[in-house]
Amino acid sequence: MTSPTSTFVWYELTTSDAPAAAAFYQAVFGWTLKDAAMPELQYSLASAGNTEVAGIMALPPEAANAGAPPCWTGYISVPDVDAHAQRVTLAGGMVYVPPTDIPNIGRFAVVGDPQGAGFALFKGLPTEAPAPPPMGTPGTFGWNELHAMDDAAAFALYADLFGWTADQAMDMGPLGTYQLFAADGVAIGGMMRRADGGKRATWLYYICVDQIDAGAERVRAHGGKTLEAPSEVPGGMWIAPCIDPQGAAFALLGPR
């Protein structure tokens, strides 16, 4: 088992219209954007205040030609990208982008778990990272949620890969159990059985807003959709699942 410090360290949007998507997220979350100046790749870095939180890029042509939809991908820190990619394969998952170096940044691989949920493995070069902003800071990512076909099997896999531990479990009635998972004793997300009839597991990422209703209104005003009215969750926060104008799913998290 790996160190339980494995956690989400980056989020990346691949989309059919990167400039339009960047303008949408800038309007909804107040992100500032700059070009990453990567050779042969147009890649925008999004920041909430002084903190870089995400990357935005166009879907690679081979992915677009294969019918891949716009989506968000979470990057999870690991001590050895190659070894973890092999472990995903041995567990019945897929490697979509093999371990690859990013000059002056680190090494990554894009993989999928046995139930179809995609994510990335990442190990950065040794640098002194700035202190993260407080949890709930508007424009930052605040929660990571797996909608699995088999939630028990998914939890066992991710616990083995990343050392995540079970936190609270909440009975959701007909929807089953919502199991929180923790890294280093801090809850960073939840897992549940997918209940919408989908045929594969998916990750959903929550982005913090200052006020849930105002955030939902900004989503709609700039061409996105809110899939449900805001609902309250334990801790006094509210959530709202959304889709951006290009079709990528995300969710809002904030107070009311």
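The values are calculated or read from the model by the stated rules, or taken from the named source; none is laboratory data. Note that the coordinates shown come from a computational prediction; the quantities given were computed from them, not determined experimentally. Please note: Cβ atoms are built from the backbone with ideal geometry, for glycine as well, and neighbour counts cover all protein chains shown. When the accessible area is computed, the model is the full protein with side chains, heavy atoms only, and any ligands, DNA or RNA have been set aside. Shrake-Rupley method; radii C 1.70, N 1.55, O 1.52, S 1.80 Å.
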When segment 70-87 is checked residue by residue, the ones that are open to solvent by 20 Å² or more (accessible area, probe 1.4 Å), part of a helix (DSSP H, G or I) and hydrophobic (A, V, I, L, M, F, W, C) are ALA83
Of (1) farther than 26 Å from ALA152 by Cβ; (2) surrounded by 13 or more Cβ atoms within 10 Å (Cβ to Cβ); (3) touching a strand residue (DSSP E or B) at 6+ places or on another chain (Cβ under 7 Å), PRO98 fails just (2)
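Does GLY116 fit the bill of being surrounded by fewer than 21 Cβ atoms within 10 Å (Cβ to Cβ), under 15 Å from the mean Cα position of the chain (by Cα) and in contact (Cβ under 8 Å) with a residue 40 or more places away in the chain?
On the way: surrounded by fewer than 21 Cβ atoms within 10 Å (Cβ to Cβ): yes; under 15 Å from the mean Cα position of the chain (by Cα): yes; in contact (Cβ under 8 Å) with a residue 40 or more places away in the chain: yes.
Against the criterion (surrounded by fewer than 21 Cβ atoms within 10 Å (Cβ to Cβ), under 15 Å from the mean Cα position of the chain (by Cα) and in contact (Cβ under 8 Å) with a residue 40 or more places away in the chain), GLY116 qualifies.
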Report whether or not GLY215 is over 16 Å from GLY190 (Cβ atoms) and of a type in the set (Gly, Ala, Ser). yes
How many residues of segment 134-167 are in a helix (DSSP H, G or I), buried (at least 18 other Cβ atoms within 10 Å of the Cβ) and not hydrophobic (A, V, I, L, M, F, W, C)? The answer is 2
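Of all residues being open to solvent by 30 Å² or more (accessible area, probe 1.4 Å) and in contact (Cβ under 8 Å) with a residue 60 or more places away in the chain in segment 119-133, which is farthest from the chain's Cα centre (by Cα)? Just the residue, please. Give the steps one after another, and end with the answer.
Restricting attention to segment 119-133, the residues satisfying the condition of being open to solvent by 30 Å² or more (accessible area, probe 1.4 Å) are 122-133.
Going one step further and asking which of them are in contact (Cβ under 8 Å) with a residue 60 or more places away in the chain, we end up with 122, 124, 130, 132-133.
Working: PHE122: 13, GLY124: 18, PRO130: 20, PRO132: 17, PRO133: 18 Å.
Applying the filter and picking the extreme gives PRO130.
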Restricted to segment 17-45 and to residues being among the hydroxyl-bearing types (Ser, Thr, Tyr) and not in a helix (DSSP H, G or I), the residue surrounded by the fewest Cβ atoms within 10 Å (Cβ to Cβ) is THR32
Scanning segment 83-95 for residues that are in contact with a strand residue (DSSP E or B) (Cβ under 8 Å, 6 or more places away or on another chain), free of Cβ contacts under 8 Å to residues at least 40 places away in the same chain and among the hydrophobic types (A, V, I, L, M, F, W, C), the one farthest from ALA117 (Cα to Cα) turns out to be ALA85
Point to revise | Residue in segment 50-68 that is assigned to a loop (DSSP other than H, G, I, E, B), touching a Gly at 6+ places or on another chain (Cβ under 9 Å) and either under 30 Å from ARG218 (Cα atoms) or not polar (S, T, N, Q) (or both) present | key: no
Exception for THR2 within (1) modelled with pLDDT of 95 or more; (2) in a loop (DSSP other than H, G, I, E, B); (3) of a type in the set (Ser, Thr, Tyr) falls at (1)
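Within segment 47-64, is even one residue open to solvent by 70 Å² or more (accessible area, probe 1.4 Å), under 27 Å from TRP164 (Cβ atoms) and in contact with a strand residue (DSSP E or B) (Cβ under 9 Å, 6 or more places away or on another chain)? Can you show your working first?
Step one: filter segment 47-64 for residues open to solvent by 70 Å² or more (accessible area, probe 1.4 Å), giving 50, 52, 61-62.
Those still in the list that are under 27 Å from TRP164 (Cβ atoms) too: 52.
If we keep only those that are in contact with a strand residue (DSSP E or B) (Cβ under 9 Å, 6 or more places away or on another chain) as well, we get 52.
Yes, some residue in segment 47-64 is open to solvent by 70 Å² or more (accessible area, probe 1.4 Å), under 27 Å from TRP164 (Cβ atoms) and in contact with a strand residue (DSSP E or B) (Cβ under 9 Å, 6 or more places away or on another chain).
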Taking segment 9-36 and keeping residues closer than 16 Å to TRP72 by Cβ and small (Gly, Ala, Ser) leaves SER16, ALA18, ALA20, ALA21, ALA22
